[in-house]
Structures are given as C-alpha cells and as structure tokens.
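Peer 1: Starting off with a structure, shown below.
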Amino acid sequence: MSNAAKISAECLTPILYVRDFAEAMNYYTEKLLFDRLWEWGDPPTFGAVRLGKVELFFCLGDQGHPGTWLSIFMDDVDDYFERITRLGAEVIHGPTDEPWGCREVHVRDPNQHVIRFGQGIPMREPKLEIERVPFETRIEKRLAALMGDLARHKNMTAGEMLEEVFLHTFEKVARGGVACPHTEKTLSYIQELKEKHGIDYDTHASYRFVERTHPD
C-alpha cells in the first residue's frame, strides 16, 4: 500500500472501566436512557450501550480506571436533563451556558466517570453593533402565520429569525447543501405548525406561487 494512500477510520468508541458490570448497564440504560446493545461472557464482562449514534464499551475491572471524562454532543440538553433527573441520574453541574459556546450538563456514574453532555449555542460575545432598516415584503399568508409562531417559540422577532436563517444559508456543509439553524426538536415543532396552519405544499412550492388577485 502506498504511504500516500488515505487511511480510512470510521468511529471512536471509548472503553470504560466498571466495578460491577450489571450496575453500569442498569445505570446507563435506566437512568441515562442508553440502549443496551450487546454483552459478552457468562456472566458478562464486556458489553456496549448506545445513545443516538454514540456507543460506549464497558469492561469489568480492566481497560481503564475510574474517573474518566467524556464529552457527548446532543440536540437538546435541557430536555435530556429533565428526563434523566426524573430517573435519578447524578447531575453534578448544569445545565449551564459556557463561554466556549456550549450549553452543558455534567453527569457522574457509579464508577466516577463524568460525561459532559453538550449542545452548541450561538456565541453572543463580543457584541457586534449594526443598523437595522425596514424591509417591506409580502409573504404567503399561512407561511407568515407559521413564521410568527416560530419566532415567538425561539424568543426572537421575525426579523431576527430571518437574519438567523438567511445567514446560515451562506455556510456550506461538508456533505453538500447549506447550514440550518434548527435543531431536531425545532424541526418537529415546525411540523406541528405546518399542520396547525394548513401548510400542505412542499419546500419548492414558492416557485409555483401565483398571488391571488382580488376583484376591485
């Protein structure tokens, strides 16, 4: 193989030391909402859990030490915090907006491992002074109603939300297309708003819009 050939690597899976295999499995599946993937051995001494696309391995009494720190990024830290708190997870920090542009909650497991569950948030410093100007336009009636509801949901004015969405379209993403500011939770809420306002057309429908004329 040529030394210049690009090396292919697909994923990274941390291996966590556990003092009690069943205890670790139960904590992660019952309190942190991971899925149990597989176990090896009888009784099991090695196994895997998964949360979304993130997998962790557990090793009984080996391959590491107590007190490892991990960072997992997710879509909605606050929703996750509420759910795992009700289930009895040991939250030791947060949720807190951190100065490096993440909202984080830190959770400790029975082996003293700490997971930093993080969500990217907009950087609000340093402030950028601008001048806003009126911008008159006309928008399809149902879409305008949805935009108003969505702006209120995001605690923004309609103008601030349009700035956010438009600026994101300036940024290409690695797999093609452009960036989107909406989280999965926001996209689900948009689907609810589409039903609420009777928006039954597709995302390319605006090219076919013909404004209804009203008789004089």
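The values are calculated or read from the model by the stated rules, or taken from the named source; none is laboratory data. What you see is a predicted model; the values in this text were computed from it and never measured. Here the Cβ is made from the backbone with ideal geometry for all residues, glycine too, and neighbour counts use every protein chain on show. Note: accessible area is taken over every heavy atom of the protein model, side chains too, but ligands, DNA and RNA are not part of it. Shrake-Rupley method; radii C 1.70, N 1.55, O 1.52, S 1.80 Å.
Peer 1: Is there a residue in the stretch 67-76 that is part of a strand (DSSP E or B), in contact (Cβ under 8 Å) with a residue 60 or more places away in the chain and open to solvent by less than 20 Å² (accessible area, probe 1.4 Å)? Give the steps one after another, and end with the answer.
Peer 2: Within the stretch 67-76, the subset part of a strand (DSSP E or B) is 69-73.
So of that shortlist, the ones also in contact (Cβ under 8 Å) with a residue 60 or more places away in the chain come out as none.
No, because not a single residue in the stretch 67-76 is part of a strand (DSSP E or B), in contact (Cβ under 8 Å) with a residue 60 or more places away in the chain and open to solvent by less than 20 Å² (accessible area, probe 1.4 Å).
Peer 1: May I pose another question? So, of the residues in the stretch 9-28 that are touching a residue at least 40 places away in the same chain (Cβ under 8 Å) and assigned to a loop (DSSP other than H, G, I, E, B), which turns out to be most open to solvent (accessible area, probe 1.4 Å)?
Peer 2: Step one: list which residues in the stretch 9-28 are touching a residue at least 40 places away in the same chain (Cβ under 8 Å), which gives 11, 13-20, 23-24, 27-28.
Within this subset, residues satisfying the condition of being assigned to a loop (DSSP other than H, G, I, E, B) are 11, 13-14, 19-20.
Numbers: 11: 114, 13: 38, 14: 38, 19: 142, 20: 68 Å².
For the stretch 9-28, the residue satisfying everything is 19.
Peer 1: I need a count of the residues in the stretch 172-194 that are surrounded by 10 or more Cβ atoms within 10 Å (Cβ to Cβ), free of Cβ contacts under 8 Å to residues at least 40 places away in the same chain and of a type in the set (D, E, K, R).
Peer 2: Within the stretch 172-194, residues that are surrounded by 10 or more Cβ atoms within 10 Å (Cβ to Cβ), free of Cβ contacts under 8 Å to residues at least 40 places away in the same chain and of a type in the set (D, E, K, R) number 2.
Peer 1: Name the one entry in 46, 58 that is part of a strand (DSSP E or B) and surrounded by fewer than 18 Cβ atoms within 10 Å (Cβ to Cβ).
Peer 2: Values: 58 fails: surrounded by fewer than 18 Cβ atoms within 10 Å (Cβ to Cβ).
Selected residue: 46, the only one of 46, 58 that is part of a strand (DSSP E or B) and surrounded by fewer than 18 Cβ atoms within 10 Å (Cβ to Cβ).
Peer 1: Please go through (1) open to solvent by 90 Å² or more (accessible area, probe 1.4 Å); (2) more than 30 Å from residue 33 (Cβ to Cβ) for residue 205 and return the number of the only condition it doesn't satisfy.
Peer 2: For residue 205, the failing item is (1).
Peer 1: Still on this structure, please answer the following. For residue 41, which of the numbered conditions (1) at positive phi; (2) in contact (Cβ under 8 Å) with a residue 40 or more places away in the chain fails to hold?
Peer 2: (2)
Peer 1: Still on this structure, please answer the following. Please work out which one of (1) part of a helix (DSSP H, G or I); (2) open to solvent by 90 Å² or more (accessible area, probe 1.4 Å) is the condition residue 150 fails and give its number.
Peer 2: Against the list (1) part of a helix (DSSP H, G or I); (2) open to solvent by 90 Å² or more (accessible area, probe 1.4 Å), residue 150 comes up short only on (2).
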